[in-house]
Structure formats: C-alpha cells, structure tokens
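First the structure, in the form of structure tokens, and then the observations on it.
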Amino acid sequence: MTEIVALADVDDARSLELSPREALDNDTVERYMLVLDELPPIDLWTVEGEDALLVSDGLHRLRAAKRNKVECVAAVMHEGSMTEFIESAILANLLHGRAWTRAEKRNCIDAWLRIHPERTDQWIAEDLRVSRNTVVDRREGLESDRQIDELEVLIGKDGKRYTRDLDKVGLPLGDVHHFDAVEGLRQLQAGSVQLVFTDPPYNIGVNYGDVREDSMTREDYRDFCWRWLSECERALCDGGSLYVMQYPEVCAEWVPMLEKLNLTLRRWLTWTYPSNVGQSPRNWTRASRAILFATKGDDYTFNPYADPQPFRNPDDQRIQALIAEGREGVTPYDWWEFNLVKNVSAEKTGWENQLPLALVERIVKTSSNEGDIVLDPFMGSGTTAEAATRNKRRWLGFDRNPDSSVVTAARLEVETE
C-alpha cells in the first residue's frame, strides 16, 4: 500500500545500510532530486518495538530528499518483526538489478547468515541467488570471528537436518605439515581453500640439505610442477585464487598448464627488486621475478584497495576529493618493487631465499577475506603464514624440511606477543 509519509517520522540513521559506497555529495543529491518523482516509492517498515519507521529500500533517495529539505515522500508501507524487516532489506537490495560490488554482496550474505545461521548454505544461496561456495566462505569467516555460532547441524529448505563436516580441509590449520607438496596436497579436501600462494623450488641447485632434490632434469621438473599445480587446482574452491612465483621463462611454461587445468590467468605480475645480484658477462642482470595470478572461475575475491599504491598526483582536486572520502590510493599496478630480504634485513630468519613479508601481505589482503584459508605448498620460512596471521586469515602449509615449522612458529610467536 502506497502512502505519503512525513520524513520526520523516518529513522534513516538506524536503517540497514547495505550499500555504503554511494557518497551523497551535492551532485548526487541534485541528480536524485531531478528524478525523485519518477523513482519508485521508498519501502518503509513499522517494526515491532520500534517507535520510528525504518527504510528497507531507497535509503539513499530518502537521505537525498532530507538533505534537500523535502518534507514528504511516497512510500510502500510494511509491518512485521525486525527479522522480516532485515530480510526485506537484503532481498530488495540484492535482487533489484543494480550491479553490486563484492563488498556490498558480502554485507547482504553476512546479514542473512546472522539472522538465519541454522539454514544450509545451499538454502541461503538459493534465497540470495549467489553461489553456494560464496556462502560457505562467508559462514566460515563469521564463525572464525565468533559473529555466529559454529553449528554442527543445519536445516535444509526441505526441512531435513544435515550434519556438517566441520573438518572440511583434511589437515589441521595453523601448521606447517612435514610433507612433500604433492603428498600433502592430496590429503586436502577438494575445494577447501580460498587462496594458494607459493614460491616453489626453482630447480637451480639450491642446497636444501637432504630434504629436496633441486637439480632435476628439465622434463622431471616440468612433470613435478604439473603435479603440484594440478593438486592446487583441486584444493581451490570455486572462485579461489592461485599465485605462483618463478623466473619469467619458467612461468611461460606454466601458463599452458594453467589453461589445461581450466584456471584463468588474470595477470602476469612482475616483482622487481633494486639489487645488482646475478651479474653476468653474457646476459642482462636479473632483477625481477614473475608472479602468475590465476583464478578458478570468475566470481573471485579481489579487494582492490586493500593495499593501495599511493596517488601520483595527490594535489589534484579530484584526487583530494577521493582522499576526503577515505581512499588512500589506487589499485597497485602489475609491477611491484620490494627489496630482497637480505642478511641485514630486520625480518631475516636465516632461511635461504626468504620472501619479503610486504609482498605476500599484498596478495593475502587483496585476494582473500578475513577467515579465509590460505595455503602455501612450499612454506619455507613461514612468510605466508605470518602474512595470513597478521591479516586474520587461517592457513596451512607443507615443507619437507622439518625446520620450516620451527622457524614459522618462532615468527608467529613474535607476531602474536
């Protein structure tokens, strides 16, 4: 039922804001006012126990009208419980056809899980028209943050009770397992991790002791890489991301492998480091490595401003407006400059070929969310584990060298003190 409602009776401050990205600057307010009479009525609710009306859809239109001192607007009136109001707001915002950012969609899924944690992931996915894996990821994140209880039994849309397998990964999280990478990966449940990052052995004769052969034939090394890449693809959930690092000429051989595994190469990244190691009288000095970023499907996590690159022209008026809105920079370019971890570096553990923490943190923050599971099949000194821990991700890894778990544990003990 449509009514004309006084805006003074509406509590927009306590209404459910699922789309916080739309800044109500003067231009936006003006655009709303030009077409306000042509827009659909705002959805308002009388909620049990609430004195004022709450907005389930049309919050930005209403706020624009208030800013312009409009006294009344057309509204469709509803009545019900707070749960019914929240459900209406989520569905109205998710399903009315506007393109949503991942963060906005995540807000809706999280809100739905908070009011219906007892429903199966499939039921919620059907309600919200999102993928089941996305719901699984958000549930695990909320459970990890203790925002919802970890329920052992869920109720399906058919009314049946379904027992959850809470050990979805196959191996304990938060550990470096003393396995060969392929052996360890085969013990993981299919689709159990959201992000894989690894810097594998380069087959250039590095002395790892007696724990790994690093001088294979080219054919044997290619076969070894195919086996662990295949297992990484199997362990990744739909929408999961894979980052693998090597020298460019080796990454070029890996690209066809990714295609055969139905992984989509999103970007060939370049890590450059200001160092003059590897001087050669017959070749250019090597000062970079390649990182392949691939995804399993198109609905993948990518947080573009999680580790922003500073604005190049911060004095520009348009950039200053973005800064005023809280933007700290732009999505990083596809070439990254991080110094090598040298013997004099503060983060040096003594491990051979240790990676800079800031580089791995950029990947973890950008391509996973809090509560997600991050896997490193060649854990080494534990840089991936530290990056995941610092950013509230769960993790596990493998390394044939038992010292890896010792060094990693020491790093995390310092991190958590």
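The values are calculated or read from the model by the stated rules, or taken from the named source; none is laboratory data. Everything numeric here is computed off the predicted structure, so don't read it as measured data. Neighbour counts are summed over all protein chains in view; Cβ atoms, including those assigned to glycine, are modelled from backbone coordinates with ideal geometry.
Criterion applied to ASP51, ASP57 was being out of contact with any Asp or Glu (no Cβ under 6 Å at 6 or more places or on another chain), assigned by TED's automatic domain parsing to the domain that holds ASP11 and not small (Gly, Ala, Ser), and the one residue passing it is ASP51.
Screening ASP199 on (1) of a type in the set (D, E, K, R); (2) surrounded by 18 or more Cβ atoms within 10 Å (Cβ to Cβ); (3) farther than 19 Å from GLY382 by Cα shows it passes everything except condition (3). Among what's in segment 254-272 and is within 21 Å of the chain's Cα centre (by Cα) and basic (Lys, Arg), pick the residue that is surrounded by the most Cβ atoms within 10 Å (Cβ to Cβ). So the residue we want is ARG266. Looking at segment 52-159, the strands (runs of 3 or more DSSP E) lying wholly inside it that each contain 3 or more residues that are without any contact (Cβ under 8 Å) to a residue 40 or more places away in the chain sit at 72-80, 153-155.
Checking ASP399, ASP315, ASP403 one by one, the residue that is of a type outside the set (Val, Ile, Thr), at pLDDT below 90 and more than 18 Å from the chain's Cα centre (by Cα) is ASP315 and no other.
Among the residues making up segment 364-385, those that are in a helix (DSSP H, G or I) and surrounded by fewer than 24 Cβ atoms within 10 Å (Cβ to Cβ) are LYS365, THR366.
Screening SER275 with (1) assigned to a loop (DSSP other than H, G, I, E, B); (2) out of contact with any helix residue (DSSP H, G or I) (no Cβ under 9 Å at 6 or more places or on another chain); (3) surrounded by 13 or more Cβ atoms within 10 Å (Cβ to Cβ) gives one miss only, at (3). Residue pairs whose Cβ atoms lie under 9 Å apart, separated by 6 or more positions or on different chains, with the first residue in segment 183-206 and in contact (Cβ under 8 Å) with a residue 12 or more places away in the chain and closer than 17 Å to TRP226 by Cβ and the second assigned to a strand (DSSP E or B) and charged (D, E, K, R), are VAL196/ASP376; THR198/ASP376. Considering every residue within segment 184-192, establish whether at least one is modelled with pLDDT of 90 or more, of a type in the set (Lys, Arg) and within 26 Å of the chain's Cα centre (by Cα). Within segment 184-192, one or more residues are modelled with pLDDT of 90 or more, of a type in the set (Lys, Arg) and within 26 Å of the chain's Cα centre (by Cα). If only residues of segment 300-347 that are surrounded by 14 or more Cβ atoms within 10 Å (Cβ to Cβ) and acidic (Asp, Glu) are counted, the one that is farthest from ARG132 (Cα to Cα) is GLU347.
Taking each residue of segment 293-308 that is in the same structural domain as LYS365 (by TED's automatic domain parsing) and looking for partners that are modelled with pLDDT of 95 or more and among the acidic types (Asp, Glu) with beta-carbon atoms closer than 7 Å, six or more apart or interchain, yields LYS296/GLU233. Residues in segment 369-382 that are at pLDDT 90 or above and in contact with a strand residue (DSSP E or B) (Cβ under 8 Å, 6 or more places away or on another chain): ASN369, ASP372, ILE373, VAL374, LEU375, ASP376, PRO377, PHE378, MET379, GLY382.
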